Amino acid sequence: MKPLRLTMRAFGPYAGCQTIDFTRMGANGLYLISGDTGAGKTTIFDAVAFALFGETSGKDREPKTLRSHFAGPQTKTAVTLEFVHAGKVYTVERNPAYDRPALRGTGIVEQKADVCLTMPDASVISGVKDVSPKIESILGVSYQQFTQTAMIAQGKFRDLLLSKPKERQEIFRRIFNTDIYRRIQERIGAQYRELKNSIENEYGQVSRHAASIH
């Protein structure tokens, strides 16, 4: 997955609209995001993770805290991420649940969390229950696997190193799409066991025939 454009509205420290155009950084796909503490590096990571999975890049922050404290009461909090994967372009727009003034009358109402995903063929999938699993199937990784590999939050790389071997194997298998090699290995293993059983049966028959000869 390669990000193309990220737009944050009333998100984190941004009261208005802030867009990051990753296409201006070249086509190599390797970006360095640097800055002083508090400069907003984590906000970018949170926005990407939230757009894709509805979660932040670190478990110490919750989606309901993502709305900017500086945003106007009528400004919608949302993140839009345009990204390319396997040569196809997708656009996902997601907003967290948050409290806002009622559009009619007075009082405070809850803006419910919502998300829509625009597919390469321009079809649109809406709703958290449908979009989130679709994102996982497109990228081939879950939220946990994404934050352990593609975008590792500060201090979290150790979690990947200390994860169980089977967990690491599953993560890397899905990332590098090595299913075909696993299937080849399983098929060869099945053929080996079948041939071994056949040879053992042949040896057994030879031994029995040899024992019957006087």
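The values are calculated or read from the model by the stated rules, or taken from the named source; none is laboratory data. Model, not experiment: these values are computed from the prediction. Cβ placement follows ideal geometry from the backbone for every residue including glycine, while neighbour counts extend to all protein chains displayed. The protein model used for the area step is the full one, side chains on, heavy atoms only, and it has no ligands, DNA or RNA in it. Shrake-Rupley method; radii C 1.70, N 1.55, O 1.52, S 1.80 Å.
Going by average Cβ density within 10 Å per residue, which order do the peptides 207-213, 99-105, 75-81 take, highest to lowest?
Values: 207-213: 8.0, 99-105: 10.1, 75-81: 20.1.
Ranking the peptides 207-213, 99-105, 75-81 by packing returns 75-81, 99-105, 207-213.
Under a Cβ-Cβ cut-off of 12 Å, what is the net charge of the residues other than Arg100 that fall near it, where Lys and Arg count +1 and Asp and Glu count -1? The partial results should precede the final answer.
Details: positive: Arg67, Lys76, Lys112; negative: Asp99, Glu110.
Local charge sum for Arg100: +1.
Under 23 Å Cα-Cα from Lys64, which lysines qualify once same-chain neighbours fewer than 8 residues away are excluded?
Filter leaves Lys41, Lys76, Lys112, Lys129, Lys134, Lys156.
State in Å² the accessible area per residue of the chain; use a 1.4 Å probe, count heavy atoms of protein chains only, and round to the nearest integer. Could you put the intermediate results ahead of the total?
Numbers: 14280 Å² over 214 residues.
Per-residue accessible area for the chain comes out at 67 Å².
Report, ordered by chain and residue number, the aspartates and glutamates lying within cross-link reach of Lys88, taken as a straight Cα distance under 20 Å and ignoring same-chain residues fewer than 8 apart.
Of all the aspartates and glutamates, those that pass the test against Lys88 - Cα under 20 Å, at least 8 places apart if same chain - are Asp21, Asp121, Asp130, Glu136.
If I compute Kirkwood radius over Cα pairs in Å from the structure I just sent, which labelled value in [x] 20.7; [y] 19.6; [z] 17.9 lines up?
Matching the structure shown: [x].
Heavy atoms only, probe 1.4 Å: what % of the accessible area of the chain goes to carbon and sulfur, would you let me know?
53 percent
Please list, or write none, the aspartates and glutamates whose alpha carbon is within less than 19 Å of the alpha carbon of Lys196, excluding same-chain residues fewer than 8 places away.
Glu186
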